[in-house]
Amino acid sequence: MAPPGDMEATPSEQPELQDELLEEILLRLTTAADLARASTACPTLRRVITDHSFLRRFRTLHPPPLLGIISVTFRPAQHPHPSAAAARAFAAAEVDFWCSFLPSVDRWRHRHFRDGRALFSGVPEGSSYAPDDYDPRDFAGEFAVCDPLYRRYRLLPPISDELAVLVHQPDIVNFEPFLAPPGDDEDPTSFRVMCLAQCTTKLVLFVFSSGAGEWHAVTFDGWIALVTSPGNQVPDAHLTWASERYYVHKCFCWAVSPSNKLLMLDTRTMEFSAVDLPRQHVPGQMIPMMAFVEAGEGRLGMFTLMNRIDNDRYFLRYTKLQKDGDGANKWQSVVIISLPLGYRYTIMDVAGGYLLLQGIPENLHSAPLPERPDFDCFSLNLQTLQLEWFCANKYMIGGAPLYAGFPPSLTPPTV
């Protein structure tokens, strides 16, 4: 055995060892609010907590909570919601979510928000910034990625002509740009931008990686056969997205109508696949709203917003995709969650471990204008399935992104 003196850490090793022990202790804190309070205790704790590598580890173990809704103004979670304290701290920062610091701001249109970054596309020549002029079929080749909290931006190189010729503007049915997490072999602080062009006969996916600094494209010609049953082919122009885009287990997914399939894009392999969805609506009636989430053990979960026509009660049906006795994928019902009375509901989105719903008061139009009730938002905790009041709004919020993140003091720059 070595003498005791040989086993002692040198002075240069002691701070490093101390930091490692502090990190392991701090990783056991369960909320960003606790971490923020700890960072104010002393300079050593603040140095460890604000280190980028520690914050990445903490985010992996404790995903950022849902703080609010990015509407015309930021709508934070309100008391008594568990995120209310962190949401107030974030709201106090007065973040410019619409990135007025972009050069020639009038030529940019907001497209997506994810992981503290905002994605904007350049407005094509000959069209205006006005929302009424927006056409989801328009091809966009110029993009900017912004960090609203630190007022930073990065102008991406345009999609090259060699890649742009893969799509022909008259054939585009829908052009959808969005932000994506980095690949498994990329720096965790990097990002990707994806643009999915749904054309009359094919899908074309354009991908930009901030690490590589360039665009590439993937073409998929067999998507119609993939999302339709044999002998029941549907023209591509008649296939539409029946849900918003969701990110589940490193896959983006879209429900497809009328084929009743779920189209999935694996962001690791850049390959498409399809999953059958349970038949949940009567032909000729509106397709129910759906949201897709990460269930336990790598499974896919689905929430369907349903209502009883006889009494106008709303509820959420939660199902999971899992193997049956024969090894085939089958949707299994887990639970039905009744929603508070007095509202009609819409699904807003999923973020920060919550599914967010907007409640539209049933007596909205019968009340005089000054006395009209608020639009209430409710969050469903995806782990506990507990439904909680989230916030109230004077006006209905449509198509607004959700913000999940930590307080500004624990949020490093993202661009």
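The values are calculated or read from the model by the stated rules, or taken from the named source; none is laboratory data. A quick note: this is a predicted structure, and the numbers were derived from the prediction, not measured. Here the Cβ positions follow ideal geometry from the backbone for every residue, glycine too, while neighbour counts run over all protein chains shown. To get the accessible areas, we keep the full protein, side chains included, count just its heavy atoms, and leave off ligands, DNA and RNA. Shrake-Rupley method; radii C 1.70, N 1.55, O 1.52, S 1.80 Å.
With a requirement of 1 or more residues that are within 20 Å of ALA32 (Cα to Cα) and not aromatic (Phe, Trp, Tyr), the strands (runs of 3 or more DSSP E) lying completely within the stretch 310-415 that satisfy it span 343-351, 354-361, 375-381, 387-393, 402-404. Any residue at all in the stretch 375-389 that's buried (at least 18 other Cβ atoms within 10 Å of the Cβ) and β-branched (Val, Ile, Thr)? No, there is no match, as no residue in the stretch 375-389 is buried (at least 18 other Cβ atoms within 10 Å of the Cβ) and β-branched (Val, Ile, Thr). Can you confirm whether the stretch 50-61 contains a residue that is modelled with pLDDT under 85, outside any helix (DSSP H, G or I) and open to solvent by 10 Å² or more (accessible area, probe 1.4 Å)? Yes, the stretch 50-61 has at least one match.
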